[in-house]
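Colleague: Below is the structure I would like to discuss, written out as C-alpha cells.
The values are calculated or read from the model by the stated rules, or taken from the named source; none is laboratory data. Remember, it's a predicted structure, so these values are computed and weren't measured experimentally. Quick reminder, even Gly has a Cβ in these numbers, built from the backbone with ideal geometry, and neighbours come from all protein chains shown. Ligands, DNA and RNA are excluded from the accessible area calculation, which covers all protein heavy atoms including side chains. Shrake-Rupley method; radii C 1.70, N 1.55, O 1.52, S 1.80 Å.
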Amino acid sequence: MLTRTFPALETDRFRLRQMKEGDAPRVFDYFSKEEVTRYYDLESFHEERQALEIIEKWNERFHLNEGIRWGIALKESDEIIGSCGFHQWEKEHFKAEVGFEVHPSYWRQGVITEVLQPILGYGFEEMNLNRIEAYYDPENTASKNSLEKAGFTFEGVLRKAAFEKGVFCDAAVCSLLKEEY
C-alpha cells in the first residue's frame, strides 16, 4: 500500500491534522453528546472504543485515497475540538462531499467558517475537485449558515432521501463549484 504523508493545514486559531489514537477521548466526548449527533448519520457514542473506530476509519479512507478527514485542533493545546473533511469522493466526476462537526463548547464561534477555507482550497487544488457538495438536515440552521458563509449555493431538498435512526428524513443539498471559489 502506498504510504502518503497526511497534509497538515493551519488557520489563525486551528491546526488541521491527522487524528491519532490519543484523540479518542476528545472525539468520544463530543460524539457522546445528543446535541452533536442529532443531525448526524450515527447514534451517540456509548464507549470510547467507538471514537477510536471512527478515527481508524477516517485514517483508512485517507490511506486508500478515498477521502480525508482533518482533526480540528486548538493551536495552543493541540486539543481536538471537531473534525472536517471529504468523503463520497467520486473521482470520475471530480466531486466530493464535505462534512464536519464541532464540540458544543465551540459552537457559534466561527470554527467551521474558519476551517472550511483551507479545506475547500485543498479540495479544489490538491484533489482536483470541480464540485464540493454538502448535505444537511433542513432543520440544522447552524450547518446551513456555515456553508452559506463559505460560499455554498443552496440547491434544494431531497425528500426522505435518507433512512437514519429508524426514520426517513429529508436532506438539504448545497454546493460550491471551483469557478465560484
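Colleague: What are the residues in region 59-68 that are of a type in the set (D, E, K, R) and more than 12 Å from Gln88 (Cβ to Cβ), if any?
Modeller: Answer for region 59-68, where residues must be of a type in the set (D, E, K, R) and more than 12 Å from Gln88 (Cβ to Cβ): just Glu60.
Colleague: Of all residues in region 61-75, which are part of a loop (DSSP other than H, G, I, E, B) and not small (Gly, Ala, Ser)?
Modeller: Leu64, Asn65, Glu66, Lys75
Colleague: Which of the numbered conditions does Gln88 fail, given that it passes all the others? Conditions: (1) on the phi > 0 side of the Ramachandran plot; (2) open to solvent by less than 40 Å² (accessible area, probe 1.4 Å); (3) touching an Asp or Glu at 6+ places or on another chain (Cβ under 7 Å).
Modeller: Checking Gln88 against (1) on the phi > 0 side of the Ramachandran plot; (2) open to solvent by less than 40 Å² (accessible area, probe 1.4 Å); (3) touching an Asp or Glu at 6+ places or on another chain (Cβ under 7 Å), the one that fails is (2).
Colleague: I've got another one for you. Can you run down the residue pairs with Cβ atoms below 8 Å, 6 or more apart or on separate chains, where the first is in region 18-45 and under 24 Å from Asp78 (Cβ atoms) and the partner is basic (Lys, Arg) and open to solvent by less than 60 Å² (accessible area, probe 1.4 Å)?
Modeller: Pairs that qualify, where the first residue is under 24 Å from Asp78 (Cβ atoms) and the partner is basic (Lys, Arg) and open to solvent by less than 60 Å² (accessible area, probe 1.4 Å), are Met19/Arg69.
Colleague: So which residues in region 146-173 are outside any helix (DSSP H, G or I) and of a type in the set (Lys, Arg), if there are any at all?
Modeller: Arg159, Lys160, Lys165
Colleague: Which count do you get for residues in region 146-166 that are closer than 26 Å to His103 by Cβ and either touching a residue at least 60 places away in the same chain (Cβ under 8 Å) or open to solvent by 70 Å² or more (accessible area, probe 1.4 Å) (or both)?
Modeller: Of the residues in that region, 5 qualify.
Colleague: For region 107-145, how many residues are among the aliphatic types (A, V, I, L, M) and either loosely packed, with under 13 Cβ neighbours inside 10 Å or part of a strand (DSSP E or B) (or both)?
Modeller: So the answer is 2.
Colleague: Restricting attention to region 25-81, report how many residues are open to solvent by less than 20 Å² (accessible area, probe 1.4 Å), over 27 Å from Arg13 (Cα atoms) and aliphatic (A, V, I, L, M).
Modeller: Of the residues in that region, 0 qualify.
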